[in-house]
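As structure tokens, the structure follows; a few thoughts come after it.
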Amino acid sequence: MQNTFNFSAGPAMLPAEVMQQAQEELINWQDLGTSVMEVSHRGKPFIEVAEQAESDLRELLSIPSDYSVLFMHGGGRGQFSAVPLNIAGQNELSQHLVTGQWSVAAEEEARRFCQTQIIATSKEHEGKMYVPKQDEWTIAEESAYFHYCTNETVDGIEIDWVPRSTSGNVPVVADMSSNILSKPLNIEDYGLIYAGAQKNIGPSGLSLVIVRNELLGKERRDTPSIFNYGLQAKSGSMYNTPPTFSWYLAGLVFKWLKAQGGLSKMAETNLQKSQLLYSRIDESGFYNNNVRQDYRSKMNVTFKLRDESLNDSFLKQAEENGLVALKGHRSVGGMRASIYNAMPISGAQALVDFMKEFERKNG
Ligand SMILES: *Cc1c(COP(=O)(O)O)cnc(C)c1O
């Protein structure tokens with residue numbers, strides 16, 4: 001088992017040490033004779049876990065005190081609906097940067113609740129995808145919010161700069177489902193950040209929202225209570241039963257991240273892993289990646305074999321070598337190696353070695 005490296009895009013692998021600890025305390029947690037899954041979310045033991053997780057997350061991301069952290073249900077897509085319901089009126093405008101499948105889906109969902117507008121999209125130049133810089137487009141000052149996705153999980157496009165309106169007053173909303181906690185952030189650049197947990201935080205079922213307090217309490221009347229940011233902030237994300245096991249496990253991941261040296265250390269390792277893979281792709285005439293250097297994702301490395309008839313044998317032989325879940329998203333084909341925080345450098349190296357050997361035999 002320990003010779004398997006899981007490159008799944010999500011739900012994705014979790015740190016081995018975290019899984020080990022979760023296993024050890026699964027049926028007898030804190031000597032209570034029960035699992036953490038079987039206790040009240042309002043009891044002292046769980047409240048302590050919940051509060052510790054929030055404070056560790058605040059420390060990791062340096063979240064200022066005028067931001068709330070919410071542990072919600074509904075995944076990333078839940079937030080596609082919750083964001084417009086909470087911070088835009090029906091006749092208000094949300095502006096969108098569209099750079100791949102997830103930002104497309106976020107705009108489509110927001111359209112049900114407010115007036116949306118796509119103000120810029122990713123483009124292709126000489127076969128490489130890139131995102132036009134802000135000297136080519138502007139965020140309208142009357143927008144209720146501006147939305148973009150910092151890392152397009154399917155397409156492998158990551159944006160390392162933060163868009164902003166000229167005045168800086170339009171709240172920037174970022175879907176960080178697949179790159180949150182992969183590097184340090186300046187939280188104050190954002191009005192709201194959200195992320196489904198199953199890529200880089202913990203098990204599915206949980207979504208994290210980090211929101212500037214001044215955006216709370218603006219929800220539409222018909223906002224479902226469980227999606228109401230203000231209400232969830234007031235009730236410590238316990239208006240209803242939260243996904244307790246996911247919250248607990250996310251807490252273990254936050255502790256693990258601190259023990260690794262925090263997010264600057266993660267950024268360093270993530271860069272190293274992705275560079276290993278991109279160098280392998282670039283030095284071969286056998287593999288190809290279609291994203292411009294400065295937008296290549298450090299989390300989801302997408303690539304195609306020049307001879308696509310070899311796809312099945314690539315995947316089969318990779319699996320025989322313990323390298324699993326490398327098949328690209330069904331909509332784009334090819335391969336995708338997701339290398340979130342939990343993927344060790346040895347995993348990226350093992351894939352690089354396999355790619356070299358596969359090319360030698362088939363190139
Ligand atoms: C996975 C993902 C989502 C959707 O998450 P669900 O929890 O399945 O709703 C949204 N945005 C991004 C960037 C993702 O990677």
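The values are calculated or read from the model by the stated rules, or taken from the named source; none is laboratory data. These figures come from a predicted structure and were not determined experimentally. Cβ atoms come from the backbone with ideal geometry, glycine included; neighbour counts cover every protein chain shown.
Please enumerate the residues belonging to segment 181-207 that are in contact with a Leu (Cβ under 7 Å, 6 or more places away or on another chain) and within 15 Å of the ligand (Cβ to nearest atom).
L181, L192, Y194, A195, A197, N200, I201, G202, P203
Yes or no, residue by residue, for (1) hydrophobic (A, V, I, L, M, F, W, C); (2) touching a Pro at 6+ places or on another chain (Cβ under 8 Å):
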| residue | (1), (2) |
| --- | --- |
| D222 | no, no |
| N228 | no, no |
| P242 | no, no |
| F245 | yes, yes |
| L249 | yes, yes |
| L252 | yes, no |
| A259 | yes, no |
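Quick check on this structure: which one of L249, L310, L276 is assigned to a helix (DSSP H, G or I) and assigned by TED's automatic domain parsing to the domain that holds V36? Working first, answer last.
On the way: L310 fails: assigned by TED's automatic domain parsing to the domain that holds V36; L276 fails: assigned by TED's automatic domain parsing to the domain that holds V36.
When all the criteria are applied, what remains is L249.
Looking at K183, K123, which one is among the basic types (K, R) and in contact (Cβ under 8 Å) with a residue 40 or more places away in the chain? Full working, then the answer.
Values: K123 fails: in contact (Cβ under 8 Å) with a residue 40 or more places away in the chain.
Just a single option satisfies the conditions, and that option is K183.
Among the residues of segment 22-44, how many are in a loop (DSSP other than H, G, I, E, B) and surrounded by fewer than 17 Cβ atoms within 10 Å (Cβ to Cβ)?
Residues of segment 22-44 that are in a loop (DSSP other than H, G, I, E, B), as a first pass: 25-28, 32-35, 39-43.
Still in the running and surrounded by fewer than 17 Cβ atoms within 10 Å (Cβ to Cβ): 25-28, 32-35, 40, 42-43.
Qualifying residue count for the region: 11.
I want to confirm something. Restricting to segment 208-228 and keeping residues that are closer than 16 Å to S65 by Cα and in contact with a helix residue (DSSP H, G or I) (Cβ under 9 Å, 6 or more places away or on another chain), which single residue is farthest from the ligand (Cβ to nearest atom)?
Once the filter is applied, the top-ranked residue is N213.
Among the residues of segment 60-107, what is the count of those that are of a type in the set (G, A, S), over 22 Å from A140 (Cβ atoms) and more than 16 Å from the ligand (Cβ to nearest atom)?
The number of residues fulfilling the criteria is 3.
Conditions: (1) closer than 18 Å to S178 by Cβ; (2) part of a loop (DSSP other than H, G, I, E, B). N270 meets all but one. Number of the miss?
Here N270 clears every test but (2).
Working carefully through the options R111, R164, find the one that is more than 15 Å from the ligand (Cβ to nearest atom), without any contact (Cβ under 8 Å) to a residue 24 or more places away in the chain and of a type outside the set (A, V, I, L, M, F, W, C).
None of the others qualify; the one that does is R111.
Please verify whether segment 11-21 includes one or more residues that are surrounded by fewer than 19 Cβ atoms within 10 Å (Cβ to Cβ) and within 16 Å of the ligand (Cβ to nearest atom).
Yes: one or more hits.
Mind counting the residues in segment 330-358 that are of a type in the set (S, T, Y) and in a helix (DSSP H, G or I)?
1
When you check V301 against the structure, is it in contact with a Gly (Cβ under 8 Å, 6 or more places away or on another chain), closer than 15 Å to L351 by Cα, surrounded by 15 or more Cβ atoms within 10 Å (Cβ to Cβ) and not basic (K, R), yes or no?
The answer is yes for V301.
Of everything in segment 44-66, what is over 20 Å from V253 (Cβ atoms) and among the hydroxyl-bearing types (S, T, Y)? Give them in sequence order.
Selection gives S65 alone.
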